[in-house]
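*Asks:* First the structure, which I've put down as structure tokens, then a few questions once you've had a look.
The values are calculated or read from the model by the stated rules, or taken from the named source; none is laboratory data. Note that the structure is predicted; figures quoted are calculated from it, not measured. Using ideal geometry, Cβ is built from the backbone for each residue, glycine included, and neighbour counts are taken over all protein chains shown. Surface accessibility is based on the protein's heavy atoms, side chains included, excluding ligands, DNA and RNA. Shrake-Rupley method; radii C 1.70, N 1.55, O 1.52, S 1.80 Å.
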Amino acid sequence: MRKRDASLLREAPLVTALPDRSRRLIAAVDAAARKAGLAPGMTVTKARSLIPDLIVIDADPEDDLQGLRRLALWAGHRYAPVVAPDPPHGLLLDISGCESLFGGEDRLAKDLFRRVLASGLNVQLAVADTIGCAHAVARHVAGGRPSLIPPGKARAALSLLPVAALRIEPGVAADLARMGFTRIEQLIAAPRAPLAKRFGAGLYRRLDQALGHIPEPIEPIFPKAVPRVRRGLLEPIGTADAFAQVIHDLTADLSAALVTAGQGARRLDLFFHRVDGDVPTIRIGTATATRDPRHLAKLLCQKIDTIDPGLGVEAMTLVAPLVEPLGPAQASGLDSGLATSGRGPDLPALVDALANRFGQRRLYRLTARPSTMPEREVACLPALASSSADPHRMARPLSSEKGTSDKNEDAPPTADRWDPDCPRPARLISPPEKIEVIAALPDHPPALFIWRGTRHRVAAADGPERLYGEWWRAGGQEADTPFTVRDYYQVETASGGRFWLFRLGDGEHMSTGPMTWFIHGAFC
Amino acid sequence: MRSASVIEELRARIASIEGVATRHAVLPFGIAAIDAHLPGGGIASGALHEVAGSRNLSDDAAATIFLAGILARTDGMVVWALRWADLFAPSLAQAGLDADRVIFVEAGSDTNVLIAMEEALRHPGLAGVVGELGKIGLTASRRLQLAAETSGVPAFVFRRAAKDEGETGGTAAVTRWRVRSSPSERLTIPSLARPRWQVALERARGGEPHLWTVEASDAQGRLALPAELVDRPLAEARRVAS
């Protein structure tokens, strides 16, 4: 958890140390120290004899734990409601159901990985079916990127790892190793009774947890000082109707708390405390701050069917981890239809309902983005963003283009409208498809083209519209290459269909492109 | 005078029995030849309409702009649910449907498109709801029709890459349109004239099927009749008169 101080020399190995009786033991090592052969548990004296210029600082477990807690709350805020610190240096996140907001587990993991790394912490990350499996893979599979274990593959992922990866006492691991059990697959294959007798039930509990045979709930931590309401239930409930009833009670309670605080919720997490200790959750977001209990209850109830009640739910907690000030002007009592204006009634409610079902990223408005390449002319805006308020700051490129977008936001923000004089097709063929063409160089439109095996005779054409590649970007794609030229032609076939064709290259200089033809869209 | 009002009243009663009562406003095309064919004189709000192109991408493109043109002549926000990500937004803006007015939902499957449409149709005050999908069944279309009736929002189901008529099952939509691109007028210069469409009203509750050739939506979403076709009936009339 210790961030490296920039003032310390970068290349000198760094370790933290804890007093242990009369000597000092290494508590944690950085990458350079690990490379040099140091490991936690070694004495500082021995380490210094190996590496004379070693930097040793005192470990502060209490502070580390606080840091871990802060990191957990941040991750809970950003990624998934159920998080828990896993001391001494781990973090557990239950991301089930949350990955869709990021467009998949891999995207979520990558985003988390990148952000933690950027904050100056070394990080290893694994996504798996069980806590045990993720715990083991994150710690024992080397890698500069997140490891994703597909569902149902926990056993395969674990089998080759050392038994020490199972969260068992170091002494037990050493004893097992002495008995010849080095890898987990050996442990799975061995008869249970003798080993259980020798090492106690703890060993097999850890193994079964890692394999998913017995459940292992995460006890989530909550941020302090956020609105939170809880209802304990006399008897465990498990039906959708009963959940809906409790949700209505909880949102009413929360709404009252929010009115007092002068706040509106932007995000709600609903925790279902199951009898068996598991805590499935629902997370919803709202496009504008709201505390209308009916609206919030409706959004939550939409997702009840994602909850597996198991043997029953004995308590439910509703937390608003993200709140915004909301004046009393829109306090409850006003019909939500009256409280909004401008865009037509109740648009925030509609946006919330759709965004919570399909994910925030799948709901957007589109706006013009300054670019010379047609496929990059379009950018997404949040569905409720006002277009006048600096669209370029909030705009993100369309999903098909995510890979190249991150570092290339330096295009000059000039256009906020598409040019009405440059006709654009209603349907874009993306990526453009290669076609065979009969055309006279350098600047005649095609007389005939063959697309998907069908021959289209061109009856009339307009063009060319010459577009140059975005030479100021360095993405390595065709559209970024310096001096790329596309000559676009609008053609009408004999049957009246209009298509958008282009030739890669200006028709004279081979340096501008290989003179191949593509179809890029269909007009009305 | 009195008989005329009686007929009007009877018409209204028949319309309400048939379920095409114009409780909600209509969106006229502004072309008498088309509007006269439609019950109520235009595209009924608070009802489900079906629009299709064909297997040809250019016909689907034409149907897209046909829809954009209808919605361009309304006020307010439009929800457009997508199943495929091939819609190119600049073209909507060029047909008069401003990008600020459209909220896109990337629904990803037919079922999700229907869910998104129904959710959107529950919210009165939208200018229109469009859903692009592959197939729609009778039950789903009934649900959408009911939701649209309740909120008064016009709903459009855009069947992508639709098969030819005769092969589609019945739906509860009050009108079914098919738009195809059609050869435009040849100019004497090497350029393209305004695109033309064959707009077929294949089905209309309380109306007759019909086929028009029109000039495509302009920048304000207005269709037009081609000049020579406008002239033709007149010329015929003159011939009959002489």
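*Asks:* Inspect the stretch A:237-244 for any residue being among the acidic types (Asp, Glu), out of contact with any Ser or Thr (no Cβ under 7 Å at 6 or more places or on another chain) and either part of a strand (DSSP E or B) or crowded, with 19+ Cβ neighbours inside 10 Å (or both) and give the result as yes or no. I'd like the intermediate steps shown before the answer.
*Replies:* Here is the first cut: in the stretch A:237-244, the residues among the acidic types (Asp, Glu) are A:241.
Applying the additional criterion that residues be out of contact with any Ser or Thr (no Cβ under 7 Å at 6 or more places or on another chain) yields A:241.
Those still in the list that are either part of a strand (DSSP E or B) or crowded, with 19+ Cβ neighbours inside 10 Å (or both) too: none.
Checked the stretch A:237-244: no residue is among the acidic types (Asp, Glu), out of contact with any Ser or Thr (no Cβ under 7 Å at 6 or more places or on another chain) and either part of a strand (DSSP E or B) or crowded, with 19+ Cβ neighbours inside 10 Å (or both).
*Asks:* For the stretch B:158-169, check the following and say yes or no: at least one residue is crowded, with 24+ Cβ neighbours inside 10 Å, at pLDDT 90 or above, over 29 Å from residue A:424 (Cβ atoms) and touching a helix residue (DSSP H, G or I) at 6+ places or on another chain (Cβ under 8 Å).
*Replies:* Within the stretch B:158-169, not a single residue is crowded, with 24+ Cβ neighbours inside 10 Å, at pLDDT 90 or above, over 29 Å from residue A:424 (Cβ atoms) and touching a helix residue (DSSP H, G or I) at 6+ places or on another chain (Cβ under 8 Å).
*Asks:* Could you run through the stretch B:184-216 and say how many residues are open to solvent by less than 60 Å² (accessible area, probe 1.4 Å), within 10 Å of chain A (Cβ to nearest Cβ) and either more than 21 Å from residue B:32 (Cβ to Cβ) or modelled with pLDDT under 90 (or both)?
*Replies:* So the count comes out to 5.
*Asks:* Ok, one more. What pairs come out if I take residues in the stretch A:188-215 that are part of a helix (DSSP H, G or I) and pair them with residues that are at pLDDT 85 or above and open to solvent by 40 Å² or more (accessible area, probe 1.4 Å) whose C-beta lies under 6 Å away, six or more apart or interchain?
*Replies:* Note: pairs meeting the criteria are A:206/A:167; A:211/A:155.
*Asks:* Turning to a different aspect of this structure: Can you tell me how many residues within the stretch B:67-98 are in a helix (DSSP H, G or I), open to solvent by less than 10 Å² (accessible area, probe 1.4 Å) and touching a Gly at 6+ places or on another chain (Cβ under 9 Å)?
*Replies:* Going through the stretch B:67-98 one residue at a time, the tally reaches 6.
*Asks:* In this structure, does residue A:279 turn out to be in contact with a Pro (Cβ under 7 Å, 6 or more places away or on another chain) and open to solvent by less than 40 Å² (accessible area, probe 1.4 Å)? Step through it out loud before you land on a result.
*Replies:* Working: in contact with a Pro (Cβ under 7 Å, 6 or more places away or on another chain): yes; open to solvent by less than 40 Å² (accessible area, probe 1.4 Å): yes.
Yes, satisfied.
*Asks:* Kindly evaluate residue A:115 against the criterion of being open to solvent by 20 Å² or more (accessible area, probe 1.4 Å), within 26 Å of residue A:282 (Cα to Cα) and outside the structural domain of residue A:323 (by TED's automatic domain parsing). Walk me through it before giving the result.
*Replies:* Values: open to solvent by 20 Å² or more (accessible area, probe 1.4 Å): yes; within 26 Å of residue A:282 (Cα to Cα): yes; outside the structural domain of residue A:323 (by TED's automatic domain parsing): yes.
Spelling it out, residue A:115 is indeed open to solvent by 20 Å² or more (accessible area, probe 1.4 Å), within 26 Å of residue A:282 (Cα to Cα) and outside the structural domain of residue A:323 (by TED's automatic domain parsing).
*Asks:* Please go through the stretch B:185-209 and give me each residue that is more than 24 Å from residue B:42 (Cα to Cα) and of a type outside the set (Val, Ile, Thr), ordered by number. Please lay out each step first, then the result.
*Replies:* Looking only at the stretch B:185-209, we keep the residues that are more than 24 Å from residue B:42 (Cα to Cα), and these are B:185-193.
Answer for the stretch B:185-209, where residues must be more than 24 Å from residue B:42 (Cα to Cα) and of a type outside the set (Val, Ile, Thr): B:185, B:186, B:187, B:190, B:191, B:192, B:193.
*Asks:* Shifting gears a bit: Could you list, in sequence order, the residues of the stretch B:99-109 that are farther than 27 Å from residue B:30 by Cβ and open to solvent by 30 Å² or more (accessible area, probe 1.4 Å)?
*Replies:* B:106, B:108, B:109 - these are the residues of the stretch B:99-109 that are farther than 27 Å from residue B:30 by Cβ and open to solvent by 30 Å² or more (accessible area, probe 1.4 Å).
*Asks:* Residue check, residue A:257 against (1) assigned to a strand (DSSP E or B); (2) open to solvent by less than 50 Å² (accessible area, probe 1.4 Å), all met but one. Which one?
*Replies:* Of (1) assigned to a strand (DSSP E or B); (2) open to solvent by less than 50 Å² (accessible area, probe 1.4 Å), only one is false for residue A:257: (1).
*Asks:* Name every residue in the stretch B:99-111 that is under 24 Å from residue A:378 (Cα atoms) and at pLDDT 90 or above, in order of residue number. It would help to see each step written out before you state the result.
*Replies:* Residues of the stretch B:99-111 under 24 Å from residue A:378 (Cα atoms): B:99-109.
Answer for the stretch B:99-111, where residues must be under 24 Å from residue A:378 (Cα atoms) and at pLDDT 90 or above: B:101, B:102, B:103, B:104, B:105, B:106, B:107, B:109.
*Asks:* Can you say whether residue B:65 is within 14 Å of another protein chain (Cβ to nearest Cβ) and either closer than 20 Å to residue A:381 by Cα or of a type outside the set (Gly, Ala, Ser) (or both), as far as the supplied structure shows?
*Replies:* Details: within 14 Å of another protein chain (Cβ to nearest Cβ): yes; either closer than 20 Å to residue A:381 by Cα or of a type outside the set (Gly, Ala, Ser) (or both): yes.
Yes, satisfied.
*Asks:* Give the residue, chosen from B:146, B:138, that is more than 7 Å from chain A (Cβ to nearest Cβ) and in contact (Cβ under 8 Å) with a residue 24 or more places away in the chain. Step through it out loud before you land on a result.
*Replies:* Working: B:146 fails: in contact (Cβ under 8 Å) with a residue 24 or more places away in the chain.
Residue meeting the stated conditions: B:138.
*Asks:* Taking the stated definitions as given, is residue A:83 in contact (Cβ under 8 Å) with a residue 12 or more places away in the chain, open to solvent by less than 70 Å² (accessible area, probe 1.4 Å) and closer than 16 Å to residue A:220 by Cβ?
*Replies:* Yes: the conditions hold for residue A:83.
*Asks:* Also: Could you check the stretch A:514-524 and list, in sequence order, the residues that are more than 9 Å from every other protein chain (Cβ to nearest Cβ) and open to solvent by 10 Å² or more (accessible area, probe 1.4 Å)?
*Replies:* Hits for the stretch A:514-524 are A:514, A:515, A:516, A:517, A:518.
*Asks:* I've got another one for you. More than 30 Å from residue A:182 (Cβ to Cβ) and either surrounded by fewer than 18 Cβ atoms within 10 Å (Cβ to Cβ) or in contact with a strand residue (DSSP E or B) (Cβ under 9 Å, 6 or more places away or on another chain) (or both): is that true of residue A:95 in this structure?
*Replies:* Values: more than 30 Å from residue A:182 (Cβ to Cβ): yes; either surrounded by fewer than 18 Cβ atoms within 10 Å (Cβ to Cβ) or in contact with a strand residue (DSSP E or B) (Cβ under 9 Å, 6 or more places away or on another chain) (or both): yes.
It is true that residue A:95 is more than 30 Å from residue A:182 (Cβ to Cβ) and either surrounded by fewer than 18 Cβ atoms within 10 Å (Cβ to Cβ) or in contact with a strand residue (DSSP E or B) (Cβ under 9 Å, 6 or more places away or on another chain) (or both).
*Asks:* Inspect all residues belonging to the stretch A:121-134 and state whether any of them is open to solvent by 30 Å² or more (accessible area, probe 1.4 Å) and outside any loop (DSSP other than H, G, I, E, B).
*Replies:* Within the stretch A:121-134 (the criterion being open to solvent by 30 Å² or more (accessible area, probe 1.4 Å) and outside any loop (DSSP other than H, G, I, E, B)), the answer is no, since none of the residues qualifies.
*Asks:* In addition: Considering (1) open to solvent by 50 Å² or more (accessible area, probe 1.4 Å); (2) in contact with a Pro (Cβ under 9 Å, 6 or more places away or on another chain), say which one residue A:219 fails and leave the rest.
*Replies:* (2)
*Asks:* Could you pull out the residue among B:180, B:159, B:83 that is among the charged types (D, E, K, R), touching a residue at least 60 places away in the same chain (Cβ under 8 Å) and facing another protein chain (nearest Cβ under 8 Å)? Break it down stepwise before answering.
*Replies:* Details: B:159 fails: facing another protein chain (nearest Cβ under 8 Å); B:83 fails: facing another protein chain (nearest Cβ under 8 Å).
Selected residue: B:180, the only one of B:180, B:159, B:83 that is among the charged types (D, E, K, R), touching a residue at least 60 places away in the same chain (Cβ under 8 Å) and facing another protein chain (nearest Cβ under 8 Å).
*Asks:* Say whether the condition of being among the aliphatic types (A, V, I, L, M), open to solvent by less than 40 Å² (accessible area, probe 1.4 Å), closer than 21 Å to residue A:378 by Cβ and within 14 Å of chain A (Cβ to nearest Cβ) is met by at least one residue in the stretch B:42-60. Before the answer, list the steps.
*Replies:* Kept after step one, since they are among the aliphatic types (A, V, I, L, M), are these residues of the stretch B:42-60: B:43-44, B:47-48, B:51-52, B:57.
Those left that are additionally open to solvent by less than 40 Å² (accessible area, probe 1.4 Å): B:43-44, B:47-48, B:51-52, B:57.
Next cut, closer than 21 Å to residue A:378 by Cβ only: B:57.
Still in the list and also within 14 Å of chain A (Cβ to nearest Cβ): B:57.
Checking the stretch B:42-60: at least one residue is among the aliphatic types (A, V, I, L, M), open to solvent by less than 40 Å² (accessible area, probe 1.4 Å), closer than 21 Å to residue A:378 by Cβ and within 14 Å of chain A (Cβ to nearest Cβ).
*Asks:* Could you count how many residues in the stretch A:70-111 are closer than 16 Å to residue A:131 by Cα and part of a helix (DSSP H, G or I)?
*Replies:* The qualifying residues number 3.
*Asks:* Can you tell me how many residues in the stretch B:116-131 are more than 7 Å from chain A (Cβ to nearest Cβ) and either farther than 22 Å from residue B:26 by Cα or not in a strand (DSSP E or B) (or both)?
*Replies:* To start, the set of residues in the stretch B:116-131 that are more than 7 Å from chain A (Cβ to nearest Cβ) comprises B:117-118, B:121-122, B:127-131.
With the extra rule that they be either farther than 22 Å from residue B:26 by Cα or not in a strand (DSSP E or B) (or both), the set shrinks to B:117-118, B:121-122, B:127.
Result for the stretch B:116-131: 5.
*Asks:* I've got another one for you. Check whether at least one residue in the stretch B:124-137 is at pLDDT 90 or above and either among the basic types (Lys, Arg) or open to solvent by 40 Å² or more (accessible area, probe 1.4 Å) (or both), and report yes or no.
*Replies:* Checking the stretch B:124-137: not a single residue is at pLDDT 90 or above and either among the basic types (Lys, Arg) or open to solvent by 40 Å² or more (accessible area, probe 1.4 Å) (or both).
*Asks:* Could you grab me the full set of residues in the stretch A:10-46 that are out of contact with any helix residue (DSSP H, G or I) (no Cβ under 9 Å at 6 or more places or on another chain) and free of Cβ contacts under 8 Å to residues at least 40 places away in the same chain?
*Replies:* Passing the criteria: A:19, A:20, A:21, A:22, A:32, A:34, A:35, A:40, A:43, A:44, A:45, A:46.
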